Amino acid sequence: IDWGDGTLSAGTVDQASGGVTGDHVYTAAGVYTIEVCVTDDDGATTCDTVDVTVEATPNEPPTIEPVPNVVIDEGQSATVNLVVNDPEGQPVSVTVQGLPSFVTFDDTTLQIVVSPGFDHAGLYGPVVVTASDGALETSISFDIVVQDVNRGPSITVPGDLVVQAERPDGTIVDFEATASDPDDGPLPTTCEPPSGTEFPLGLTTVTCTAVDAAGVGVSDSFRVRVELATKTFDGFADDVKALKLPKGTANPLLAKIEQAKRKFGEGQVTDAVKQLEHLIDQVGRDDGKKLNAAEAAEIRRLTQILIDHMRGMLDPS
């Protein structure tokens, strides 16, 4: 059988009916003249022809696999792979409309990349994908949902501080701690102990905390070292003067404070401790006589703070 398109193939003869059958697939529309030749056992051949009209297959539009809505957190990334086909195998062009600024489309790989930042929370769409074979087209759509992500706050505290004690009870220490949140902006901070309060002699750890609107907290800490200095003894003397004692009572006490200050300033810490121990002995003698119980107790308390601190300096263990 000559199928008229340059293709030959063997047919099958039905011995009973004398009919000839054969199968062939045409790849293009048109009118084809089919020639059928039959040869018998004696070598005699007979041919006949028939015209066949092959109609073109109707064009169908391209197909696009559905894309579900893209749900993504701020700061994350997702890739949508488009799957596009044409029933006739024709070339297909793909366009995407309605893309927000944080989404890109590659018309070569057919990939849509979604990369929202931390200020993109919301609903975006519809995103419309259209595939065309030049004659027919198909469209689908989907939405992009960007979910808000709370970013925790940050806090800034001072470095470790070293200050000199103004008096035996310590000194007022001022500092600043700040906090901010990417979503809420500046935040109030809470520090313990707070700024503007009296810090005792020695080392104190300050912890500062901030909490954003979503309840996410952050904290940091630093240390404040309050050191004993000669001016601490001056502050001690001022505390004694504030008691408004008679000069005959106050002057011997102030003299011992001054002697302790001088010894401390000279680096003779042991001798400074001894002077303050003499001060406590003097208070004991004056208690109930030149000093009332409250005055004596207050001077002892302040003196003992200095003695304990200096003993710690002499034996850090």
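Taking the Cα atoms only, what angle lies between the long axis of helix 269-286 and the longest principal axis of the chain, rounded to 10 degrees?
Value to nearest ten degrees: 60.
In whole Hz, with x marking every Gly and Pro, tabulate ³J(HN,Hα) for the stretch 107-122 from phi via Karplus 6.51 cos²θ - 1.76 cosθ + 1.60, θ = phi - 60°.
Once θ is set to phi - 60°, the couplings for the stretch 107-122 become 6, 8, 8, 6, 10, 10, 10, 10, 9, x, x, 8, 10, 10, 4, x Hz.
Beta carbons within 10 angstrom, averaged per residue: use that to sort the peptides 120-129, 214-223, 49-58, highest first. Each step should come with its number before you reach the end.
On the way: 120-129: 16.6, 214-223: 14.6, 49-58: 9.9.
Ranking the peptides 120-129, 214-223, 49-58 by packing returns 120-129, 214-223, 49-58.
Which option, [x] 72; [y] 53; [z] 48, is the value of percent of Cα pairs over 27 Å apart that was calculated from these coordinates?
[x]
Relative to the present Cα-Cα distance, how much length would full extension add between LEU314 and SER221 at 0.36 nm per residue of separation?
Numbers: separation 93, 0.36 × 93 = 33.48 nm, distance 2.85 nm.
Full extension of this stretch gives 30.6 nm more.
Angle check, please: helix 293-314 long axis (alpha carbons) against the longest principal axis of the chain (alpha carbons), in degrees 0 to 90, nearest 10.
60
Using C-alpha positions alone, give me the convex hull volume of the stretch 218-317 per residue in cubic angstrom. Let's see the in-between values first.
On the way: hull volume 12.9 nm³, N = 100.
So the per-residue hull volume is 129 Å³.
Over what distance in Å are the Cα centres of the stretch 210-279 and the stretch 59-97 separated?
Centre-to-centre (Cα) distance: 77 Å.
So, by mean Cβ neighbours within 10 angstrom, what's the order for 235-245, 257-267, 34-44 with the highest one leading?
Top of the packing list down: 257-267, 235-245, 34-44.
Given a 1.4 angstrom probe, what's the average accessible area per residue across the chain, in square angstrom? Please list the in-between numbers first.
Numbers: 18090 Å² over 317 residues.
It amounts to 57 Å² per residue over the chain.
Please determine, in degrees from 0 to 90 and to the nearest 10, the orientation of helix 230-241 with respect to the longest principal axis defined by the Cα atoms of the chain, where the helix direction is its Cα long axis.
Tilt relative to the chain: about 60 degrees.
Could you look at the stretch 54-125 and say what percent of its accessible area is carbon and sulfur, using a 1.4 Å probe and all protein chains? Provide the component values of the computation, followed by the final result.
Values: 2120 of 4350 Å².
Reported share for carbon and sulfur atoms: 49 percent.
Per the Kirkwood treatment, what hydrodynamic radius in Å, one decimal, follows for the stretch 15-146 from the mean inverse distance over all distinct Cα pairs? Display every interim value, and only then the final one.
Numbers: mean 1/r = 0.0516 Å⁻¹.
Across the stretch 15-146, the inverse of the average 1/r is 19.4 Å.
Are there cysteines in the chain with no other Cys C-beta under 4.7 Å, and if so, which?
Isolated Cys, the chain: none found.
Between LEU243 and THR95, what is the label-to-label distance in nm when each label sits 7 Å out along the Cα-to-Cβ direction?
In this crude label model, LEU243 to THR95 measures out at 9.5 nm.
Say R0 is 51 Å: what FRET efficiency, to the nearest 0.05, do THR45 and GLU88 get from their beta-carbon distance?
Details: r = 40 Å, r/R0 = 0.79.
That gives a FRET efficiency of 0.80.
Report ³J(HN,Hα) in whole Hz for each residue of the stretch 137-153, in order, from the Karplus equation J = 6.51 cos²θ - 1.76 cosθ + 1.60 where θ = phi - 60°; Gly and Pro get x.
9, 10, 10, 9, 9, 7, 10, 10, 10, 9, 8, 5, 10, 6, 9, x, x
Using a simple spin-label model with points 7 Å from Cα along the Cα→Cβ vector, what separation in nm is obtained for THR207 and THR79?
Result: 4.6 nm between the two label points.
Cross-link candidates for LYS263: which lysines have Cα within less than 20 Å, leaving aside residues fewer than 8 places away along the same chain?
LYS231, LYS274
The values are calculated or read from the model by the stated rules, or taken from the named source; none is laboratory data. Predicted model, so just to flag it, every value in this text is computed and none were measured. Ideal geometry is used to build each Cβ from the backbone, glycine not excepted, and the neighbour counts take in all protein chains shown. All accessible areas refer to the heavy atoms of the entire protein, side chains included, with ligands and DNA or RNA removed. Shrake-Rupley method; radii C 1.70, N 1.55, O 1.52, S 1.80 Å.
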